[in-house]
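The values are calculated or read from the model by the stated rules, or taken from the named source; none is laboratory data. Note that this is a predicted model, so its numbers are computed, not measured. Every residue, glycine as well, gets a Cβ built from its backbone with ideal geometry; the counts of neighbours run over all protein chains shown. The accessibility values were calculated without ligands, DNA or RNA, using every heavy atom of the protein model including side chains. Shrake-Rupley method; radii C 1.70, N 1.55, O 1.52, S 1.80 Å.
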Amino acid sequence: MDIKTILVPFVGDLHTSAGLSTAVAVARLMGARLIGLHCPAETALPWYVAAPAAIPPVPDPPVPGRPSAEAEQSFIARCSAACLTCDWIADHGFLPERLAFHSRYADLIVAGRGDGDPQGKGGLSPRALGQLVLGASAPLLVVPPGPEETFRPQRVLVAWNERREAGRALHGALPFLRHAKETILLSVHPPGYDDAPDRRALAYLEAHRIHADSRINFAAEFEAPGAILAQARAVEADLLVMGAYGHARVFEQALGGATHHVLESADRPVLMVH
């Protein structure tokens, strides 16, 4: 898989976007086209809504206005300065649902996580990001709040287990792993679990000419989210890769799962796939 089309939302500040600098960096790295999506600010949904796809689509065509036109001009200027090709979509409706819809025609979504600062660049709330990753057709790259550092995924940490979501995340991360200098495959197991690394996952990466080192962290299941983030900090990973919502979502919301914890707390970019 190659990344040739990247979708990035404009949420709060119409002249920029949380995650835009990272999206530009990825587009330059991959030789990709950027698609900017302007949509009205998100509205909250109950946590028990299963996915954005459950929300009826908005039938009326969008009506672009002056704010969208200003945002489009700013976006095109930013892409031109970076020598990137781009497209612009003015839409309306529930933003995570519209992003999920447009992700059917993209290879990657790059979205910033909001920090709640009304003067900041906006961004999506952890809850909205969770709804988005459930409904998206493409991998989601979540950028933490705060100043965006130059995105160079030289050291990538892959949180690995044998669930479907982890496998899809590994597949979706291949374009980044090809550019990385170091890939670390991290498994978190309860104490007493067999400490042999997953040779099949390592062999899969080797087949793609990606050499990975294997690490195992012993921790109880409820400690796994903290262990994953702690390992990402310890190895100074530029990118964390993980599957999203490996358990039923109601279970994760009730007991607190790795997806929810990482969406709220990650201090570095995270690539997620459900």
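Just checking, does the range 83-105 include any residue being closer than 30 Å to Ser187 by Cβ, touching a residue at least 40 places away in the same chain (Cβ under 8 Å) and not aliphatic (A, V, I, L, M)?
Looking only at the range 83-105, we keep the residues that are closer than 30 Å to Ser187 by Cβ, and these are 100, 103.
With the extra rule that they be touching a residue at least 40 places away in the same chain (Cβ under 8 Å), the set shrinks to 100, 103.
Still in the list and also not aliphatic (A, V, I, L, M): 103.
Yes, the range 83-105 has at least one match.
If you take the residues in the range 202-227 that are modelled with pLDDT under 90, in a helix (DSSP H, G or I) and under 22 Å from Pro153 (Cα atoms), which one is most open to solvent (accessible area, probe 1.4 Å)?
Gly226
Tell me, which strands (runs of 3 or more DSSP E) lie completely within the range 123-201 with 3 or more residues that are open to solvent by less than 40 Å² (accessible area, probe 1.4 Å), farther than 24 Å from Ile35 by Cβ and free of Cβ contacts under 8 Å to residues at least 60 places away in the same chain?
Qualifying strands (runs of 3 or more DSSP E): 182-189.
Kindly evaluate Arg104 against the criterion of being more than 20 Å from Pro225 (Cβ to Cβ), open to solvent by 70 Å² or more (accessible area, probe 1.4 Å) and in a loop (DSSP other than H, G, I, E, B).
Taking the combined requirement at face value, the residue does not satisfy it.
Just name the residue that is modelled with the lowest pLDDT out of those in the range 85-113 that are among the small types (Gly, Ala, Ser) and out of contact with any strand residue (DSSP E or B) (no Cβ under 6 Å at 6 or more places or on another chain).
So the residue we want is Gly93.
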